[in-house]
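Read through the structure below, which is laid out as structure tokens, and then see the notes.
The values are calculated or read from the model by the stated rules, or taken from the named source; none is laboratory data. A quick note: this is a predicted structure, and the numbers were derived from the prediction, not measured. Every residue, glycine among them, receives a Cβ derived from its backbone with ideal geometry; neighbour counts consider all protein chains shown. These accessible areas exclude ligands, DNA and RNA; they are computed on the full protein's heavy atoms, side chains included. Shrake-Rupley method; radii C 1.70, N 1.55, O 1.52, S 1.80 Å.
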Amino acid sequence: MFSVRNQSLHCEEVDLTQLAQQFGTPLYVYSRNMIEQAYLEFANAGKEFNVLFCFGMKANSNLSVLSCLEQLGAGFDIVSGGELERVLRAGANPKKIVFSGVGKSAEEIAQGLAAGIKCFNVESEAELDRIQEVAQRLNKTAAISLRVNPNVDAGTHPYISTGLKENKFGVEYERALAVYAYAKTLPNLAIEGIDCHIGSQITEIAPFIAAMHKVVDLYDALGQQGIHLHHIDLGGGLGIDYNGETPPERAVFIDAVFTALETRGIDAYKNKTTGGKKVEIVFEFGRSLVGNAGVLLTKVEYLKKNGEKNFAVVDAAMNDLLRPTLYQAFHRIEPVTQLDCEEKIYDVVGPVCESGDWLGKARSLKIQQHSLLAIRSAGAYGIGMSSNYNTRNRAAEILVSGSSATLIRKRETFDHQLSLETDGLASLKKL
Ligand code: LLP
């Protein structure tokens, strides 16, 4: 859906050069078709099954992106009260919302209960106690699932690997049965499921299947203790192609998981019975749905040379796209218009005053001052991780559909940034 036409990169049928002229840079641009296609690949592969695809909305929480997925029937995986607020405003059905995260506050729990969400994915006994307390106070029953840590190596960057013992996430595998037994004693909790999430940008099926087996072992053991679960949530984490990675196709992935589940006596079929135990399967994919559907457009401000090194100083920076410097993540960078000039090796860097402010290193590019560049695969964990560092305004966002484009988030202004601050020196007082 991103393709070069008449020598200029397009998103669907819209010329990115035109978008940059009209809306300025840095600019995030998303293809609605690509988001929808990704979702539908999952949904079609799972259509025989009782399965809910909850979008891991931390990947991209723009209201229009959320609505687009909501309209296709997606559920949502949230990790804060803010995300709950957003997704409800995008029209989400609370019964399709799971609430993950290791540090839910009492207010957030109350918010989830008031909305009537499907389930809290609980990560500790202390959290069980807090949910019990809040639910009792509000005279509600809270549906819960325990996030267990299957101790599986997802083979991904340590910052985005979450399923190992040393991570802060989930309940230790060996203690899970005891924690479930404890949850059962709490009167305002209803035990609904079990879940895991082993990490992000995983490009092999094997770690998912390994985690699934460990979760199903617990599911079986719980059944023997009289705790019968309604759903199994296998988390998100399916990777995308940033730089030639070859993650399994979505349909292949879903087939592999359901085939493996069937061998374990799990019957997730909608309209047929295998004699296995009837269970709903939940996934929480984020990146796979939106990552490759977005680009970040940026303009070359200056070309410069320090020693032997060429730098392209662009108008996007680490505050706009943090992934390169935070994870040494690779994003393809290409000129929007093909120029016939000398090809050189550049470090593509931003204007922020940090040596770590880079977007790409040693890239072979044919560019000039003012060239427009597209930083690819920026649809996931792009704008969401952006900040105002160096008092930079956050970028605008555009959604493209066919030959139409619309502004889905305005460019921030300095007034927006400063509106919460006061010059407080005059009013300092003792508390
Ligand atoms: N479920 C849970 C409980 C999660 O913690 C996450 C992501 C997801 C689902 C969605 O994972 P996905 O399908 O998108 O891999 N900022 C990092 C990624 C952090 C992921 C955090 N958890 C990055 O830019 O690579």
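What are the pairs with Cβ atoms under 8 angstrom where one residue, in the stretch 232-250, is within 30 Å of Gly193 (Cα to Cα) and away from the ligand (no atom under 13 Å from the Cβ) and the other, located anywhere, is open to solvent by 10 Å² or more (accessible area, probe 1.4 Å) and among the hydrophobic types (A, V, I, L, M, F, W, C)? Sequence gap at least six, or different chains.
Pro248/Ile205; Pro248/Ala256
List the residue pairs whose Cβ atoms are under 7 Å apart, where the first residue sits in the stretch 189-201 and is at positive phi and in a loop (DSSP other than H, G, I, E, B), the second is charged (D, E, K, R) and near the ligand (Cβ under 8 Å from one of its atoms), and the two are 6 or more positions apart or on different chains.
Sorted first by the residue in the stretch 189-201, then by its partner, the pairs are Gln201/Arg287.
Would you check which residues across the stretch 355-369 are open to solvent by 20 Å² or more (accessible area, probe 1.4 Å) and either among the aliphatic types (A, V, I, L, M) or out of contact with any strand residue (DSSP E or B) (no Cβ under 6 Å at 6 or more places or on another chain) (or both) and list them?
Within the stretch 355-369, Ser355, Gly356, Ala362, Lys366, Gln368 meet the criteria.
Here is a list of conditions, (1) away from the ligand (no atom under 13 Å from the Cβ); (2) of a type in the set (S, T, N, Q); (3) touching a Phe, Trp or Tyr at 6+ places or on another chain (Cβ under 7 Å); (4) open to solvent by less than 30 Å² (accessible area, probe 1.4 Å), and Asn149 meets all of them except one; can you say which number that is?
Status for Asn149: all satisfied but (1).
Please go through the stretch 318-359 and pick out each residue that is among the basic types (Lys, Arg) and within 16 Å of the ligand (Cβ to nearest atom).
Arg323, Arg332 - these are the residues of the stretch 318-359 that are among the basic types (Lys, Arg) and within 16 Å of the ligand (Cβ to nearest atom).
Can you go through Leu88, Leu128 and tell me which one is touching a residue at least 60 places away in the same chain (Cβ under 8 Å) and either more than 16 Å from the ligand (Cβ to nearest atom) or more than 19 Å from the chain's Cα centre (by Cα) (or both)?
Leu128
What's the number of the condition Ala221 fails, among (1) within 14 Å of the ligand (Cβ to nearest atom); (2) in contact with a helix residue (DSSP H, G or I) (Cβ under 9 Å, 6 or more places away or on another chain); (3) not charged (D, E, K, R)?
(1)
This table checks each residue for (1) touching a residue at least 12 places away in the same chain (Cβ under 8 Å); (2) part of a loop (DSSP other than H, G, I, E, B); (3) buried (at least 22 other Cβ atoms within 10 Å of the Cβ); (4) in contact with a Phe, Trp or Tyr (Cβ under 6 Å, 6 or more places away or on another chain).
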{"position": "Leu373", "(1), (2), (3), (4)": "yes, no, yes, no"}
{"position": "Ser377", "(1), (2), (3), (4)": "yes, yes, yes, yes"}
{"position": "Tyr381", "(1), (2), (3), (4)": "yes, yes, yes, no"}
{"position": "Arg394", "(1), (2), (3), (4)": "yes, yes, no, no"}
{"position": "Val400", "(1), (2), (3), (4)": "yes, no, yes, no"}
{"position": "Asp415", "(1), (2), (3), (4)": "no, no, no, no"}
{"position": "Leu420", "(1), (2), (3), (4)": "no, yes, no, no"}
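So which of Thr259, Thr273, Thr263 ends up being β-branched (Val, Ile, Thr), without any contact (Cβ under 8 Å) to a residue 60 or more places away in the chain and closer than 26 Å to Gln37 by Cα?
Thr259
Criterion first (farther than 21 Å from Ser64 by Cα and not aromatic (Phe, Trp, Tyr)) does Val400 satisfy it?
No; evaluated as a whole, the condition is false for this residue.
Here's a check for you: in the stretch 299-331, which residue that is out of contact with any Gly (no Cβ under 7 Å at 6 or more places or on another chain), of a type in the set (A, V, I, L, M) and in a loop (DSSP other than H, G, I, E, B) is farthest from Ala396 (Cα to Cα)?
The qualifying residue farthest from Ala396 (Cα to Cα) is Ala329.
Just to verify a result, which residue in the stretch 275-298, among those that are part of a loop (DSSP other than H, G, I, E, B), of a type outside the set (Val, Ile, Thr) and away from the ligand (no atom under 16 Å from the Cβ), is farthest from Asp241 (Cα to Cα)?
The residue in question is Gly275.
Suppose we filter Gly116, Gly112, Gly82, Gly73 for residues that are surrounded by fewer than 24 Cβ atoms within 10 Å (Cβ to Cβ), away from the ligand (no atom under 13 Å from the Cβ) and over 18 Å from the mean Cα position of the chain (by Cα); which single one remains?
Of the residues listed, the single one that is surrounded by fewer than 24 Cβ atoms within 10 Å (Cβ to Cβ), away from the ligand (no atom under 13 Å from the Cβ) and over 18 Å from the mean Cα position of the chain (by Cα) is Gly116.
Would you check if His228 is in a loop (DSSP other than H, G, I, E, B) and within 12 Å of the ligand (Cβ to nearest atom)?
no
Any residue that is in contact with a strand residue (DSSP E or B) (Cβ under 7 Å, 6 or more places away or on another chain) and closer than 24 Å to Ile240 by Cα - is there at least one of those in the stretch 385-395?
Yes, the stretch 385-395 has at least one match.
Quick one: which of Asn139, Asn44, Asn62 is free of Cβ contacts under 8 Å to residues at least 24 places away in the same chain and among the polar types (S, T, N, Q)?
The match here is Asn139.
If I filter the stretch 152-163 for residues that are at pLDDT 95 or above and either out of contact with any strand residue (DSSP E or B) (no Cβ under 6 Å at 6 or more places or on another chain) or under 28 Å from Ile240 (Cα atoms) (or both), do I get at least one hit?
Within the stretch 152-163, not a single residue is at pLDDT 95 or above and either out of contact with any strand residue (DSSP E or B) (no Cβ under 6 Å at 6 or more places or on another chain) or under 28 Å from Ile240 (Cα atoms) (or both).
Under the condition of being in a loop (DSSP other than H, G, I, E, B) and among the aliphatic types (A, V, I, L, M), which residue from the stretch 332-354 is most open to solvent (accessible area, probe 1.4 Å)?
Leu339
Within the stretch 174-203, how many residues are open to solvent by 40 Å² or more (accessible area, probe 1.4 Å) and touching a strand residue (DSSP E or B) at 6+ places or on another chain (Cβ under 6 Å)?
1
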